[in-house]
Amino acid sequence: MTVSLEQLRRCHVAVDLGAARTRVYVKGMGLVVDEPSVAAVNIRTGALIAVGTFAEQMTGRTPDHIRVVRPVSGGTVIDIEMAQRMLRQLLGTTLRRRLRRKLRLRAAACTPHDADPLAQRAAVETLVGLGASRVELVDTLIAAAVGCGLPVEQPTATMIMVCGAASTQIAVLSLGSIVTAQRVPVGGDAIDRAVIEHLRHQHELMLPSQSVRPLQLALSGNGLTLQGPVSTEIHGRDVATGLARSVQVETAAVRSAIHTPLTAVLDGIGRVLRDCPPDLVADLADRGIMMVGGSALLPGLDQMLRNATGMPVHIAERPDICAVLGLGAMLDGKIAPMVLNPLVG
Ligand SMILES: Nc1ncnc2c1ncn2[C@@H]1O[C@H](COP(=O)(O)OP(=O)(O)OP(=O)(O)O)[C@@H](O)[C@H]1O
Ligand SMILES: [Mg+2]
């Protein structure tokens, strides 16, 4: 990490291209973009119609010739050209001009823990297309741990769980590096899908498309916690008749529907702990798990993990933007490299 910290300090811009949201941090300016990774395209002319929040609102509401696309899937850029066009638009003209003025623009990007060379290449190509002459890749787990202020550089174990939209990454860090890590392909999207399926099967109700986040609807008012309301009213469309209908949904049933995707995450935590040296596991029992990523905001998720693992669980202050803020802190030189004092004599 020490070597790349030097390199990172020379970068001008940090990018976190997520399956759900794109975030950009510009050195000296802070977080300048935090928008959904969505673009709306006219497929007749190829023209870009909208990006970010506006494009996301179009989901499920477009005529045939407009298609809403997500150039990032499962943490990997799957459509490099579209990702570049989306990023260019999200940055806006003023910011783009400002960055273009840099003689040799250097960029940093975070990539999922076990990103394969192809995925890494796609991230690099995307930023090179935007004018970067050099791109540094940082593991999301390290970036997020730095972003939420975990003492990554110290010889104590810290456990971090990055709950993204497409995947959940779990790792034990010590001395600035990853000791063991797992990536589980279950994230906020899978949890949303579990709730949608539950409503469809149990109540024959279809929710309006993603534009209204189904989960927020279903779980408004701390629905996932035991202290929350017993049931909540959901509006949707009847599966058979297609007419608008509202039903009372028991929040306990929604909670149990969510348990299914969560078991994969719990398995992941178990695997990480099993691979971890015993000394570090002892540290973890006191320090617990730090949750970051947008899905960490899911009400009650921390309590579920606490119950299942028996370990303390904390949520970072701004879990959704931790990774990009961590990258930003490294760019701004706020992270001091670890200095090991060799014992003399
Ligand atoms: N307040 C909230 N309550 C529940 N879920 C939320 C909340 N805010 C965001 N989410 C969920 O968090 C997810 C987005 O998290 P995040 O922004 O970390 O994703 P990402 O970085 O784009 O994805 P990935 O890292 O997997 O590529 C979405 O699935 C969204 O539904
Ligand atoms: Mg992410």
| message | Scan the stretch 322-345 and tell me whether some residue there is assigned to a helix (DSSP H, G or I) and under 30 Å from His201 (Cβ atoms). | response | no
| field | Pairs, first under 11 Å from Ala39 (Cβ atoms) in the stretch 70-86, second more than 13 Å from ligand 2 (Cβ to nearest atom) and charged (D, E, K, R), C-beta under 7 Å, six or more apart | value | Pro71/Asp79
| request: Please indicate, with yes or no, whether at least one residue in the stretch 114-133 is more than 13 Å from ligand 1 (Cβ to nearest atom), within 20 Å of Gly333 (Cα to Cα) and of a type outside the set (A, V, I, L, M). | output: no
| query | Which residue pairs have Cβ atoms closer than 9 Å, lie 6 or more positions apart in sequence or on different chains, and pair a first residue in the stretch 188-208 that is in contact (Cβ under 8 Å) with a residue 40 or more places away in the chain and under 14 Å from Arg245 (Cα atoms) with a second residue that is of a type in the set (Lys, Arg) and surrounded by fewer than 21 Cβ atoms within 10 Å (Cβ to Cβ)? | reply | His203/Arg245; Leu205/Arg237; Leu205/Arg245; Pro208/Arg237
| query | Does Ala145 fit the bill of being within 16 Å of ligand 2 (Cβ to nearest atom) and either at pLDDT below 90 or not in a helix (DSSP H, G or I) (or both)? | reply | no
| request: Could you pull out the residue among Ala19, Ala107, Ala115 that is in contact with a Leu (Cβ under 6 Å, 6 or more places away or on another chain) and within 30 Å of Ala181 (Cβ to Cβ)? | output: Ala107
| request: Considering each residue of the stretch 102-118, count those that are under 21 Å from Leu90 (Cβ atoms) and within 16 Å of ligand 2 (Cβ to nearest atom), and give that number. | output: 5
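The values are calculated or read from the model by the stated rules, or taken from the named source; none is laboratory data. Given the structure is predicted, the values throughout are model-derived calculations rather than measurements. Here the Cβ is made from the backbone with ideal geometry for all residues, glycine too, and neighbour counts use every protein chain on show.
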